[in-house]
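Beneath this line is the structure, given in structure tokens, with notes to follow.
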Amino acid sequence: MKDILSVYYESFSSFLKLYDIDSNSVYTKDLFEEDVQEMLPFGLLITLIELRIVTTTFEDKEVISESKLDLDQCISNEGNEEMLLKMRVDDVVKESVQNGTLDRLCDQMKLFN
């Protein structure tokens, strides 16, 4: 993920240079990295929700629209989309473990107990 963040910030800096603006005067790389770390838990939650949405099949949509929140019917069909969802969620969870996001979320949840 570090490579992606570096490319993103370099792209941001290059764009500002087109207008003779120093990226450090607008948004330092340190502040950018702090903001990314702060927003990672939200990114994890949004990603998990969006993955479910983008891997929903036409048949799932019919089941969801006709049900009264009985989502077990949606997951019972082990099609290609469901396997794809599991693989993508697995990748997201692994990345969240590696970058410490899950640990931070668990620590924050302990504050509520």
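A few points about this structure:
- Among the residues listed as Leu5, Leu18, the single one being hydrophobic (A, V, I, L, M, F, W, C) and over 29 Å from Ser96 (Cβ atoms): Leu18
- Out of Asp35, Asp90, Asp20, sole residue that is of a type in the set (Asp, Glu), part of a loop (DSSP other than H, G, I, E, B) and modelled with pLDDT of 90 or more: Asp20
- Yes/no for Leu84 being touching a Pro at 6+ places or on another chain (Cβ under 6 Å) and either within 27 Å of Ser13 (Cα to Cα) or modelled with pLDDT under 90 (or both): no
- Index of the failed condition, Leu40 passing every other in (1) at pLDDT 95 or above; (2) in contact with a Ser or Thr (Cβ under 6 Å, 6 or more places away or on another chain): (1)
- Flag: Ser76 does not match the condition of being surrounded by fewer than 13 Cβ atoms within 10 Å (Cβ to Cβ), out of contact with any helix residue (DSSP H, G or I) (no Cβ under 6 Å at 6 or more places or on another chain) and at pLDDT 90 or above.
- The stretch 87-113 residues that are surrounded by 11 or more Cβ atoms within 10 Å (Cβ to Cβ), paired with ones that are not in a helix (DSSP H, G or I) (beta carbon under 9 Å, 6 or more apart): Arg88/Thr55; Glu95/Met1; Asn99/Met1
- Filter result (surrounded by 11 or more Cβ atoms within 10 Å (Cβ to Cβ) and under 19 Å from Asp3 (Cβ atoms)) within the stretch 16-34: Ser23, Lys29, Phe32, Glu33, Glu34
The values are calculated or read from the model by the stated rules, or taken from the named source; none is laboratory data. A quick note: this is a predicted structure, and the numbers were derived from the prediction, not measured. Cβ atoms come from the backbone with ideal geometry, glycine included; neighbour counts cover every protein chain shown.
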